[in-house]
Amino acid sequence: MSFKALTRYSARFIIGLMAVALVAVPVTESGAAQSKSVLPTKAIVIGSNKDLNAIRTFFFCQTAACKKSKTTSKAAADAALSDIEADIKVMKADAIPASQLAIIVKYEVDAKALIRAYTAYPKHTDADDEANNIGIIYYQTSNLGSDDYLLGCAQTKTTVAFKEWSVGVVGVAYAMQVDTQAETSTAPASTILSANKSLLAEAASMKNDANGPNAKFNKLLIQFANTQAIDSHDTILIINGKGKSITKTDLTNLAKKLTSEFKVLSALQNKLAA
């Protein structure tokens, strides 16, 4: 099967808040960043809003001012990553309330993924690898913003607002869109393979993000992530010469399913975030 045949309908996942520029997706200002007694444990993610913004400023700077201060921005981002690493260590040494355990577990998963990508980024010379790491840094900072917001809500017993919570989902979905757009009919096999490996990781992350305040949305999110995972897995098999039983029709049907699921999910997101 030619790579032209592999090209899918672009399931552009632009949900609500995602209709913004890459650096414009906000890191949610959580209760954890507003009070020194947010959690009854040492696992307080105080200052994470500042840390996440420092990392984003270094990697996604678009203003003339920040472009002139790359050295300062890099130092601030390195310090921010050290803060996040310290938070993880403290969390492991603390007694976490049962009601907050799931949030802490997700925070650690997202933080470790961010740390790995941040650490690996300067070591890569391949453009696809660099792009993959940038994508992870982008959506995992978004996920940590969402995690931090949930921690603040859990402590203060504040109702979780869908729009505030969904910043993590928006970040992952944006990364998915970027990777999907890389799969053009003229893209080399290496780029398509790299994009689909990223999409698999993003689908797994999106499934973990299904912890929001709306059960229906969570279910649809998992469904979409599962479809994306199947689609990318099949594409990878074909590129590696192991998907001989997978037909062009199979991929076309998956693409249509992705588009259909996107429309339903998008409509619900717009309604809930209004």
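The values are calculated or read from the model by the stated rules, or taken from the named source; none is laboratory data. Please read all numbers here as calculations on a predicted model, not as lab measurements. FYI the Cβ positions are ideal-geometry reconstructions off the backbone, even for glycines, and counts take in every protein chain you see. What goes into the accessible areas is simple: the full protein's heavy atoms, side chains included, and nothing from ligands, DNA or RNA. Shrake-Rupley method; radii C 1.70, N 1.55, O 1.52, S 1.80 Å.
Taking the stretch 144-182 as the region of interest, how many residues are out of contact with any Leu (no Cβ under 8 Å at 6 or more places or on another chain) and of a type in the set (S, T, N, Q)?
Result for the stretch 144-182: 6.
I'd like the full set of residues that are without any contact (Cβ under 8 Å) to a residue 24 or more places away in the chain, within 22 Å of TYR149 (Cα to Cα) and not aliphatic (A, V, I, L, M), limited to the stretch 207-243.
LYS207, ASN218, LYS219
Matching residues to (1) part of a helix (DSSP H, G or I); (2) surrounded by 18 or more Cβ atoms within 10 Å (Cβ to Cβ):
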position	(1), (2)
GLY168	yes, yes
ALA175	yes, yes
THR186	no, no
SER194	yes, yes
LEU237	yes, no
THR252	yes, no
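Quick one: which helices (runs of 4 or more DSSP H) lie wholly within the stretch 40-126 and hold at least 1 residues that are surrounded by 14 or more Cβ atoms within 10 Å (Cβ to Cβ) and at pLDDT 90 or above? Write out each step before concluding.
Numbers: elements: 48-60, 64-67, 70-92, 98-120.
By residue number, 48-60, 70-92, 98-120.
Taking into account only those residues within the stretch 127-162 that are more than 22 Å from ALA215 (Cβ to Cβ) and among the acidic types (Asp, Glu), which is surrounded by the most Cβ atoms within 10 Å (Cβ to Cβ)?
Ranking the qualifying residues of the stretch 127-162, first place goes to ASP148.
State whether one or more residues within the stretch 145-159 are outside any helix (DSSP H, G or I), in contact (Cβ under 8 Å) with a residue 12 or more places away in the chain and more than 19 Å from ASP51 (Cβ to Cβ). Show your work before the answer.
At the first step, the residues of the stretch 145-159 found to be outside any helix (DSSP H, G or I) are 157-159.
If we keep only those that are in contact (Cβ under 8 Å) with a residue 12 or more places away in the chain too, we end up with 158-159.
Okay, now just the ones that are also more than 19 Å from ASP51 (Cβ to Cβ), so 158-159.
The answer is yes, given that some residue of the stretch 145-159 is outside any helix (DSSP H, G or I), in contact (Cβ under 8 Å) with a residue 12 or more places away in the chain and more than 19 Å from ASP51 (Cβ to Cβ).
With (1) open to solvent by less than 20 Å² (accessible area, probe 1.4 Å); (2) of a type in the set (A, V, I, L, M, F, W, C); (3) over 30 Å from TYR149 (Cα atoms) as the list, and ALA273 as the residue in question, which single condition is left unmet?
(3)
Could you tell me whether ALA229 is at pLDDT 95 or above, out of contact with any Lys or Arg (no Cβ under 6 Å at 6 or more places or on another chain) and under 23 Å from SER190 (Cβ atoms)? Please lay out each step first, then the result.
On the way: at pLDDT 95 or above: yes; out of contact with any Lys or Arg (no Cβ under 6 Å at 6 or more places or on another chain): yes; under 23 Å from SER190 (Cβ atoms): yes.
So ALA229 fits the description; yes.
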